[in-house]
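Here's the structure, in structure tokens; my notes come after.
Every number here is computed from the coordinates shown, using simple stated rules; none is lab data. Computed from a predicted structure; not experimentally measured. Virtual Cβ from ideal backbone geometry, glycine too; neighbours counted across all protein chains shown.
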């Protein structure tokens, strides 16, 4: 180990030469192993700091025992290095110490002239004569120490000129290697040292040194002792006066330029201070605005809480409505039961009506009897008339006639009594009929009450029908919500399957670990048993040895009396025995060690075998899990399809049930109308019965009148009797017809009631079945949600996971210039998207690959993409191949025109294909395919896509409204799944509008409106710039020919400006998409396109002007 101490008076001359030594093979000094901060430089600083007045001491030879120990640790840390060095100016005061400390230390002394020392001090900030004098004194002391040391020890030191050594480093390094046999390599070191002092500084320093003869004398003395490769080296020449004057003028020019720059900076500072004051005022305004915004935010938060409360109330109201619906259904059942009771009562009333008809028939029979009696009376009257005529002619028989008259008088008296009795009976009958009339009136009132009740129930049924219609609407909405939740349930189901697989894997792992632990326990038990057996054997062997030892002792005592030969043999035998015992003990120990090592190796082998088996099992489990995941995904897709079919069937059944219920309600209303009609007919029958009763009374009165008029015999009663008989016949016929019609209506009513009852039973059964299906669907959706959650967790753990059902690869073309491969994948799952089929080609040319997407369902559908770029609307293929040039022209337009999801899919597809090509076991790849080149091309393609410029992308665009109202026209545009760079938003709604007052043409005052809603979530600095009946909104107004509201623009953040700028830039493309989707519009699309172009040009011109004034980039690319 050899050491080089590089020292001198100026540190800036030591470091470059030390660096050249490092290039030649020497190593820099390392710090102590105990303290990394204790380096050789730190040691010098601390030692010299402890030496008081070290500048006045010529040299320090003994810094102290502690410092010697520390430096010994430094040397110990570097003892393995063949040659190491340090470079420090502090060593000039410790040369004697280093000389005595280590005999293998050699000293490289680099001399610097006093001129260069003073110029170095000036460069390092010396600005007074006192500082320069101190620097010159320090140089003088160090240089004198180096010269004296070199003169005392010329064999271990060498004195070099620093300029010459730095100018020819390779030559001096060769000299050092030969002088002290140092392990340095002979290399060519590039000369980077340039000694070009400033002429004016050198001139002034030289003038100062002319008053320092001691320093100049020491410098000349050192020059006489320098080791020079070229002895004829010319001394440094002094600068000419012209060079000095030129440097002075250049320094003055630079000073004046600096003063001018300072004046400019002062003016700039003043302007900046004024701008700062303006900014402070603006900041205060912004703080006020922020306070207002915070107040608005609190107000909006209070409104949000109020809305949430209202939402909870609405939800509770919906729950109450649901309960009311159930109550209405229960009331409907009760109403149907009441209708059934009413039907039974109607049958009872029909029986009463039949009884009344019987009573009517009885009355009619009584009337017939009265007619017969009247006929008999008429015959008696005729007979009496004949007898009277006979009495006129038979005077002689007066006595006989008197007797006959007396008898007739008696008979008439008797008949009169009978008629009185009949009259009393008729009076009783009249009373009964009056009571019956009262009963009929009461029944009529009851029927009227029932009619009113049925009318109210009808109104309730109508309300129930309306409620059911509303419930139908809610069920349809619920069905849509269930369809939306289907995906979430599918994810939950996948998540449950994944968790089940994970639990199964964990159980298998724990089972294997348990088996391993059991095996380890058995092995330890076995090893313990073997160790116990070995211990017992050793104890037994020890006992045998002890017995043998005792036997030998006994034999030794017996052999004491034997001859010396036997004693010698005994001694030899004892020695042999001891040696054999030791060998035996050693062999036993070696055997135990070998057994221990064998057991250890066996245990290690078993552990490694188990680990290998576990790894194989884990690999199989992973493959099985992958297969199970694919099968689960297929099963979940199948179940989702089945659930969708079931949902559709349930929806159809529900629609049919609702239609059936409506039909039943209609039939119920018809039946109710029929019941009302029957009740009216019944009332008419009651009225007819009342009329019959009245006619009966009239007939009775007529009969009484006839009886009173019997003496005057006339023909009038006979005529009236015939009229009454005819009326009786007519009434009987009408009554029979009414009775028959009533029976028919009653039978129809019974049939309708039976049919209603069956339909009601079917409705209840269908509702129960629908509820059962709904519960099954909810359970399936819950499982589906759990599986979906599990799938999301799997995707979070494996973000690069992709899967497909079938893969077809065909090599279309392959030569030295390009390679084209046709791909087809089915059931591709990538990036949370399931693509049924995708066909594309990969084209490799000049090391860069590209992807050409092919349509799968013709030009009428964007499949397999979500949105086919409008610029390639009629093309069957989409060339996603990057080319040189603008990002919106040529094939680059295809990549720039992709939607958000499609852009993510193509990036993932490129990476997954590259990973697929990297698998050496993939046997589906064609043999002629250059997999490595295609893989590198796809990786380059993916890298190009990652560095693609920011583009405004969206998956869908919709025209929400097209309004034209008295000079104000607007288009409501909605963008779905919007993204710009790494920022994503689910939706973004804005309006393109214009306000035109006649006679000005269309598009004079265009504007962009961002209403409160999704725009608030997208724009960071959204604020309610305008508020009217259409709500709050942020408006960015323009005016022809090229004006814009810069106040609103300036209030937006840079991100908002970038988003709105790209939105205006892509506005023509958006309008073209809307034109394809909505060709028929009230305003020609060309007018809107012209207005969009005006917005783009105006914003571009204003940004260019703003950029030119501020001198800063606008932040929005053209």
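Things worth noting here:
- Packing-based exposure ordering (other Cβ within 10 Å, fewest first) of 150, 334: 334, 150
- Descending semi-axes in Å of the stretch 821-878, equivalent ellipsoid built from Cα gyration tensor: 19, 16, 10
- Debye-formula intensities of the stretch 2-235, expressed as log10 I(q)/I(0) at q = 0.09, 0.12 Å⁻¹, are -0.38, -0.68 (one equal scatterer per alpha-carbon, no solvent).
- Gain on full stretching of the segment that runs from residue 1030 to residue 308 - 0.36 nm per residue minus C-alpha separation: 257.6 nm
- Spacing of the two label points (7 Å from each Cα toward its C-beta) at residue 130 and residue 284, in nm: 4.9
- Shape class of the stretch 802-931 from the alpha-carbon gyration tensor: oblate, with a/c at 1.5 or above and b/c at least as large as a/b.
- Relative contact order (%) - the stretch 2-235, alpha-carbon pairs under 8 angstrom, separation at least six: 28
- 964, 5 arranged by Cβ crowding within 10 Å, fewest neighbours leading: 964, 5
- Neighbour-count order for 853, 187, 906, 1102, fewest beta carbons within 10 angstrom listed first: 187, 1102, 906, 853
- For the stretch 764-828: rounded, prolate or oblate by the Cα gyration tensor [a/c cutoff 1.5]: oblate
- Taking 18 Å as the cut-off, the amide N atoms of the stretch 995-1026 that come nearer than this to a point 7 Å along the Cα-to-beta-carbon line of residue 966 belong to 995-1000.
- With a Förster radius of 56 Å applied to the beta-carbon distance between residue 744 and residue 414, the computed FRET efficiency rounds to 0.65.
- Sites residue 300 and residue 1020 - FRET efficiency at Förster radius 22 Å, r taken between beta-carbons, to 0.05: 0.85
- Gained length - residue 772 relative to residue 519, 0.36 nm times residue gap less alpha-carbon distance: 85.8 nm
- Full-extension gain in nm, residue 760 to residue 152, via 0.36 nm per residue minus C-alpha separation: 205.9 nm
- Relative contact order %, the stretch 802-931, counting alpha carbon pairs below 8 Å whose residues are six or more apart: 18
- Rounded if a/c under 1.5, otherwise prolate or oblate - the stretch 952-1110, Cα gyration tensor axes: rounded
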